[in-house]
Amino acid sequence: MANLGGMGDVLDFDEVTIVRSGRKLLDKVTWGVDEGERWIILGPNGAGKTTMMQIAAAQMHPTSGVARVLDEQLGKVDVFELRPRIGIASAALASRIPNDERVGDVVVTASYGVVGRWRESYDDLDHGRAVELLDLMGAAHLVDRTFGTLSEGERKRVQIARALMVDPELLILDEPTAGMDLGGREDLVRRLGEIAQDVYAPAIVMVTHHVEEIPPGFTDVLMLREGSVVVAGQIDETLTAENLGATFGMPLVLDRHGDRYAARSAT
Ligand SMILES: Nc1ncnc2c1ncn2[C@@H]1O[C@H](COP(=O)(O)OP(=O)(O)OP(=O)(O)O)[C@@H](O)[C@H]1O
């Protein structure tokens with residue numbers, strides 16, 4: 001059920017802790033995402049970013065604390081009903097796509113898990129939509145290729161088209177620009193910026209290591225270090241050299257050029 005006139009919380013983490021092999025991968029993470037927000041998750045290798053996204057995608061339950069996803073509490077909801085409402089692009093999911101699958105089918109099959117859709121003309125409509133989404137990501141020319149023949153950057157674009165195929169209420173992008181050359185990265189950052197600035201787009205959470213990859217139109221940032229939130233809030237106030245330095249454990253200089261950022265060591 002859509003939440004009409006309610007709080008509209010997309011994600012609501014209350015002291016979420018994940019313990020594996022006696023280690024706290026996440027330690028009392030408290031965080032909220034509302035409709036219309038576009039979040040960046042920044043943090044060094046091993047900080048727990050992907051673990052956070054697995055909870056947000058209803059793929060993992062907290063060891064302790066409460067996680068609500070699209071107004072449903074994990075542990076009390078059928079995750080098989082919840083997952084189709086979430087679009088996710090991640091390296092873990094990409095590795096499960098068969099190499100010999102046609103790109104158009106990679107995108108279209110995302111919708112097969114969605115129940116309750118109008119079945120008539122289902123195939124034609126969905127194939128048309130898949131091509132539109134590939135075009136939105138600059139990958140329409142790849143529609144008849146097999147996934148295994150694509151470059152790293154091309155695979156990322158196809159995965160994002162696939163994540164959008166279910167018309168999700170939450171879009172999760174885990175390092176979407178990793179492995180891309182400069183031109184490819186800039187093109188994808190621009191396209192993600194266009195999605196971020198579309199008022200009809202879902203709430204978005206994007207994980208990255210680099211402030212250079214923050215697309216225009218993103219509203220908020222959460223910085224994570226060793227499983228704990230360093231700081232979270234609106235980008236304009238929160239994305240500072242000081243907060244970045246505390247997150248990455250070194251003095252940093254942060255430059256802003258319009259709606260793009262760049263960081264480097266201060267020493
Ligand atoms: N099942 C597990 N048992 C023990 N440790 C684990 C397990 N799964 C993940 N980890 C560890 O948890 C930490 C957080 O992992 P996670 O993948 O969430 O980090 P990340 O911030 O996404 O890192 P990266 O930027 O390198 O992708 C890492 O140190 C990882 O080795």
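Computed from the coordinates by the stated procedures, all read-outs in this text should not be read as laboratory data. Quantities reported herein were computed from a predicted structural model and do not represent experimental measurements. All Cβ positions, glycine included, derive from the backbone under ideal geometry; neighbour counts span all protein chains shown.
Structural remarks
- At q = 0.09, 0.11, 0.12, 0.14 Å⁻¹, base-10 log of I(q)/I(0) for the chain (Debye sum, equal scatterers on each alpha carbon): -0.41, -0.62, -0.74, -1.01
- Ranked by how many other Cβ atoms sit within 10 Å of their own Cβ, fewest first, the residues Ser151, Ser21 fall in the order Ser21, Ser151.
- For Ile214, the amide hydrogen comes within under 5 Å of the amide hydrogens of Tyr261, counting only partners 5 or more places away or on other chains and with H modelled in the peptide plane.
- Sorted by Cβ neighbour density within 10 Å, fewest at the top, the residues Tyr200, Tyr261: Tyr200, Tyr261
- Model label points for Arg260 and His210, set 7 angstrom from Cα along the Cα-to-Cβ axis, are 1.1 nm apart.
- Residue range of the chain that is longest and free of trypsin sites (Lys or Arg not before Pro) which are both DSSP loop and sparsely packed (at most 14 other C-beta within 10 Å): 120-267
- Total charge dipole magnitude, the chain, about the Cα centre, Cβ charges on Lys, Arg, Asp, Glu only, Debye to nearest 20: 820 debye
- Under 19 Å of direct C-alpha separation, and excluding same-chain neighbours fewer than eight residues apart, Lys28 reaches these lysines: Lys49.
- Positive-end residue of Ala58, His141, Gly46, charge dipole of the range 9-265 with Cβ unit charges: Gly46
- Ascending count of other beta-carbon atoms within 10 Å, so fewest first, for Ser95, Ser265: Ser95, Ser265
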